[in-house]
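Have a look at the structure below, then the notes.
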């Protein structure tokens, strides 16, 4: 693990915002050189996918199972500035279960007058909310890190859009679900910032009416026992991945049995935290 990780531990202010609002924006999660690097990869992957599948180049598109698309994405698995935010919230028994690289060009169909019609309010991970809800309460299970790779200083630039605080209820909190209303927050951010949010947060993509093509990478982290949302085509990484990267890529010394158990040799991240940031280990619940 990069020793600089200790400079980016989850702060009380970030934790408070996450619990209250369901998300927070981390400034400068990526330095400028890395922003350009990952933006170039995202553009290359998405446009290759569009060419292969005959998707118009001016159309919004996201490529899932993104992390294994290029060797240069391996370092994002355990990026030292954001991973401590993830394990600060979820603990050490985690993995990367879903990744998406997105490109959103300027819309050729929607304008500032009708962009609010292009919405898809949802919470993440499909049937999880339906199956695990207990009354109005739903457990967290996973979070996402959205690496913003384009400057998004204003609304209507395909901003990540959400209803702050809506992660506290399984029910959509507004009477109208097919529109953007004044309750919706279009999150503005600079290239290099990261939006870290709870999967239970009600959020939606929004249309891009600007001249800036929006690029973003979403890395989803969950507890290790959750089934992957992607095919996880990452075998080509494993020969050069670090032990912690292997854990986060879902590798277990015990096969499928290991995903629902806490064997020490499957949890190098836990060992690292216990050695270098033991104050966080004190927060973990004891095994019953």
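Summary table
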{"read-out": "Gaussian network model of the chain, springs between alpha carbon atoms under 10 Å - residue of 81, 140, 177 with greatest fluctuation", "value": "177"}
{"read-out": "Cα Rg over Rh - region 114-242, Kirkwood", "value": "1.00"}
{"read-out": "Hydrodynamic radius by Kirkwood, which averages 1/r over all alpha carbon pairs of region 243-288, in angstrom", "value": "11.4 Å"}
{"read-out": "Dimensionless Rg over Rh [region 111-156; C-alpha; Kirkwood]", "value": "1.11"}
{"read-out": "Approximate spin-label separation residue 286-residue 51, in nm, with each point projected 7 Å along Cα-to-Cβ", "value": "6.0 nm"}
{"read-out": "Exposure proxy ranking, count of Cβ atoms within 10 Å, fewest first, for 71, 93", "value": "71, 93"}
{"read-out": "Principal-axis tilt of helix 32-53 within the chain, Cα atoms, nearest 10 degrees", "value": "70 degrees"}
{"read-out": "Cα long-axis angle, helix 12-21 against the chain (0 to 90 degrees, to the nearest 10)", "value": "50 degrees"}
{"read-out": "Per-residue Cβ neighbour rank within 10 angstrom, fewest leading, 78, 21", "value": "21, 78"}
{"read-out": "Within a Gaussian network of the chain (alpha carbon springs, distance under 10 Å), most fluctuating of 134, 38, 24", "value": "134"}
{"read-out": "Peptides ranked, highest mean first, by Cβ atoms within 10 Å: ranges 272-280, 144-152", "value": "144-152, 272-280"}
{"read-out": "Rough spin-label spacing in nm, given labels placed 7 Å along Cα→Cβ, for residue 20 and residue 7", "value": "2.8 nm"}
{"read-out": "Zone of residue 185's modelled label, taken as backbone nitrogen in region 130-150 under 18 Å from a point 7 Å along Cα→Cβ", "value": "143-148"}
{"read-out": "Centre separation in Å (Cα based) which lies between region 51-107 and region 217-254", "value": "13 Å"}
{"read-out": "Candidates 174, 128, 269: whichever shows maximal mean-square fluctuation once the chain is modelled as a Gaussian network with Cα springs under 10 Å", "value": "174"}
{"read-out": "Evaluated at q = 0.15, 0.16, 0.25, 0.30 Å⁻¹: base-10 log I(q)/I(0), Debye formula over Cα of region 1-62", "value": "-0.74, -0.78, -1.00, -1.16"}
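No value in this document is a laboratory result; all are computed from the given coordinates. Quantities reported herein were computed from a predicted structural model and do not represent experimental measurements. FYI the Cβ positions are ideal-geometry reconstructions off the backbone, even for glycines, and counts take in every protein chain you see.
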